[in-house]
Amino acid sequence: MALSDTRVRVGVVGTGRWGLNLARNFHGIGCLAGLCDSASEALRTAVRACPSVPGHDNANDLISSGNVDAVAIATPAGTHHDIAASALAAGLHVFVEKPMTTDLAAAKALVADARCSGLQLVTGHLLHYHPAFQSLLSLVRSDRLGALHSIVTSRLIPGPAVPREHVLWEFAPHDVAMILACAGALPSSVRCSGHGPHSDGSSAAQCSIELRFRTGLRTQTTVSWRSDSKVQRFEVHGETGSAVFDDVAPAEAKLKLTPAGQPPCAIRFPEQEPLAAECAAFVEAVETGVAPLSGASEGLRVMTVLDACFRSLNEKRTVLLQTPENG
């Protein structure tokens, strides 16, 4: 699709597997204006897929090109802050794949920079845009489940020989983002434990996260690189019912509601590619100035919990959170 003169011009930084997906979606809505990757073969592959779009081998070249209004960052997590900070300093809006950064202080600095400049800073918490989760959240907010007492989530895969990121950075942002959306608040305490260190001892192959909220809600999340099978399951339990979002199940069985004392029933939801909805939401946010579901404030809340997870994991203790909403 040709780029319209009236549309937001987005440059994608990082054209690996996920960066190509972002490029495909931004190209599909007529917004892709640049591609960037320091790996020449990855960049050539992306340019072949989007032949009318200029390629750059350096993020700063794309940022300073004058050809883009925004960047979408799909590089390794440890590089997110520097690229995002450079883009914001150049007056560009930023979409950054999860996690926003790997450091809470750096995340706070990015949010402050974006707010000061009136720019959008959006994190790729993709499942906010999944129609099944949106339908589940509607059940929660319409009180179909009653007061929530527990949420149990699992995000497990048979992992690669060499993991791309720490298992917490790779998987936990999704579940933390969904839990916070259901809870409507930050937790009062965070407890994280890890098991099965990799051969270099740098991280755990599996982590368990327990969040406790002032309302009495407790949540348990398991993320793992070393499962025998793929599991992506999000269970919400309340006083009058439960709902389960199973992203591995067929479409007709992905979301089920079980009212108290009744058998489970499938809940229908609109068919839409979550990434397409997420990319469109970012463009709309840039155009309107209204933050999307995963805007700067939401991203900072998720980073606050992830930071507490790492502190708990490293210090082997429960971390208490003192926030304005928790007192």
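The numbers here are math on the coordinates, done by the rules we state, and not lab data. Computed from a predicted structure; not experimentally measured. Cβ placement follows ideal geometry from the backbone for every residue including glycine, while neighbour counts extend to all protein chains displayed.
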Next on the checklist: I'd like to compare 242-251, 47-56: which one has the highest average count of other Cβ atoms within 10 Å, and what's the full order after that?
Outcome noted: 242-251, 47-56
Next on the checklist: If packing is taken as the average number of other Cβ atoms within 10 Å across a peptide's residues, how do 120-132, 73-85 rank, most packed first?
Outcome noted: 120-132, 73-85
Checklist outcome for this item: Filtered hits (lysines, Cα-Cα < 24 Å from LYS230, offset >= 8 within chain) -> LYS98, LYS254, LYS256
Checklist entry - Among rounded, prolate and oblate, which fits segment 174-327 when a ≥ b ≥ c are the square roots of the eigenvalues of its C-alpha gyration tensor, a/c under 1.5 means rounded, and a/b larger than b/c means prolate? => result rounded
Next on the checklist: Could you compute the net charge surrounding ARG191? Neighbours are other residues with a C-beta less than 12 Å from the C-beta of ARG191; K and R count +1, D and E count -1.
Outcome noted: +3
Checklist entry - Counting Lys +1, Arg +1, Asp -1, Glu -1, what net charge surrounds ALA285 among other residues with beta carbon under 14 Å of its beta carbon? => result -3
Item to check | Helix 80-89 axis, angle to the chain major axis (alpha carbon atoms, nearest 10°) | outcome: 50 degrees
Next on the checklist: Going by average Cβ density within 10 Å per residue, which order do the peptides 171-183, 229-241, 252-264 take, highest to lowest?
Outcome noted: 171-183, 229-241, 252-264
Checklist outcome for this item: Share of Cα-Cα pairs in the chain beyond 27 Å, whole percent, is 46 percent
Next on the checklist: I'd like the antiparallel share, as a percent to the nearest 5, of DSSP beta bridges with both residues in the chain.
Outcome noted: 60 percent
Checklist outcome for this item: Connecting every pair of Cα atoms under 10 Å apart in the chain and solving the GNM, the largest mean-square fluctuation among ALA105, ALA281, ALA308 falls on ALA105
Checklist entry - Using alpha carbons only, how many degrees (0 to 90, rounded to 10) separate the axis of helix 17-28 from the longest principal axis of the chain? => result 70 degrees
Checklist outcome for this item: Cβ-Cβ cut-off under 11 Å around PHE234, Lys and Arg +1, Asp and Glu -1: the net charge is -1
Checklist entry - Relative to the longest principal Cα axis of the chain, at what angle does helix 167-183 sit, 0 to 90 degrees, rounded to 10? => result 60 degrees
Checklist entry - By DSSP, what percent of the beta bridges with both residues in segment 103-250 are antiparallel, rounded to the nearest 5? => result 80 percent
Checklist entry - Can you give me the relative contact order of segment 103-217 as a percent, contacts being Cα pairs under 8 Å and 6 or more apart? => result 22 percent
